[in-house]
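Visitor: I am attaching a structure below and will ask some questions about it afterwards.
The values are calculated or read from the model by the stated rules, or taken from the named source; none is laboratory data. Because the structure is a prediction, the values reported are computed rather than measured. As a convention, Cβ positions derive from the backbone with ideal geometry for all residues, glycine included, and neighbour counts pool all protein chains shown.
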Amino acid sequence: MALSETLELQRGSQRFMRAAMRAPLLAADHERDLAKRWRENGDQRALNELITAYLRLVIAMAARFRHYGLPMSDLVQEGNVGLMQAAARFEPEREVRFSTYASWWIRSAMQDFVLRNWSIVRTGTTSAQKSLFFNLRRLRAKIGDVNDSGISAESRAKVARALGVPEQDVDAMAARMSAPDRSLNAPLAEDGDGEWQDLLADNAASPEAEVMEAHDDIARTTLVQAALGELNEREQLIIRERKLVPETVTLEALGARLGISKERVRQIEGNALEKLRRALIARVGDPVAAGYVG
């Protein structure tokens with residue numbers, strides 16, 4: 001965006017704010033009348049007058065969120081969305097001032113906007129996480145913990161008790177809020193070629209390890225299939241259904257299928273596993289150490 005366009009947007013935003021602050025306040029009876037006209041008749045003029053009168057509330061609320069580093073104009077825009085949502089849901093017959101009701105919607109809209117844009121990493125979605133994000137700095141200042149290097153154990157415990165969240169959540173949020181986002185492509189030093197991503201450890205298996213694992217899987221499968229040949233058909237069925245399928249079959253289900261009791265199925269399973277163990281020992285030694293029999 002050109003500099004002239006940026007300056008024009010800033011001037012337009014300033015004019016909007018000055019006009020909003022000059023809008024007259026509404027008496028309670030007139031406010032209720034406007035809300036009824038909009039709710040019952042869809043009167044756009046009534047809605048415009050109601051909204052315009054409380055734009056000052058949006059601007060005041062936006063000023064409270066400026067320290068999160070987001071543009072004031074964007075905060076005001078999100079607050080206006082919350083103000084419109086409040087107007088759409090306001091019930092004048094409840095005898096509550098519109099400003100009181102709208103404040104909750106405006107604050108919620110701005111909080112959601114801050115959480116979406118404060119960091120490229122999603123900060124929190126639950127009500128407890130939101131409360132922690134927006135109250136951590138205030139509570140730390142209240143108890144005198146202003147150390148930027150990290151939150152102390154005592155302060156962490158106090159904040160956790162005050163907000164009803166686990167201490168590890170407080171610790172994680174304090175760490176997130178103490179350091180800004182950093183690009184993985186940022187250089188390690190001004191005169192160096194390395195980037196921060198070069199320091200990230202790769203936890204994936206090496207190609208050699210993957211090949212060896214695949215080879216071992218094939219060998220294990222071949223040996224187990226050969227050992228299963230030492231069992232009779234009923235033993236093979238029970239072992240396959242109890243040990244070799246993702247969703248194992250219960251003893252009761254196998255007993256009903258074979259016409260025997262579940263205790264008899266358990267005995268056959270135990271005997272079959274012992275046969276398998278002996279068959280694998282004959283081929284590879286200790287089958288448990290080799291990972292073939294669980």
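Visitor: If you go through the range 20-36, how many residues are basic (Lys, Arg) and either within 19 Å of VAL58 (Cα to Cα) or not in a helix (DSSP H, G or I) (or both)?
Guide: The number of residues fulfilling the criteria is 1.
Visitor: Would you mind finding the one in THR221, THR248 that is among the β-branched types (Val, Ile, Thr) and assigned to a loop (DSSP other than H, G, I, E, B)?
Guide: The match here is THR248.
Visitor: If you check VAL96 against the conditions, is it assigned to a helix (DSSP H, G or I) and either under 20 Å from ARG18 (Cα atoms) or not charged (D, E, K, R) (or both)?
Guide: Taking the combined requirement at face value, the residue does not satisfy it.
Visitor: Can you tell me which residue among ALA2, ALA20 is in contact with a Lys or Arg (Cβ under 6 Å, 6 or more places away or on another chain) and at pLDDT below 85?
Guide: ALA20
Visitor: Still on this model: Looking only at the range 254-278, filter to residues that are within 17 Å of GLY229 (Cα to Cα) and touching a Lys or Arg at 6+ places or on another chain (Cβ under 7 Å); which one of those is surrounded by the most Cβ atoms within 10 Å (Cβ to Cβ)?
Guide: Applying the filter and picking the extreme gives ILE268.
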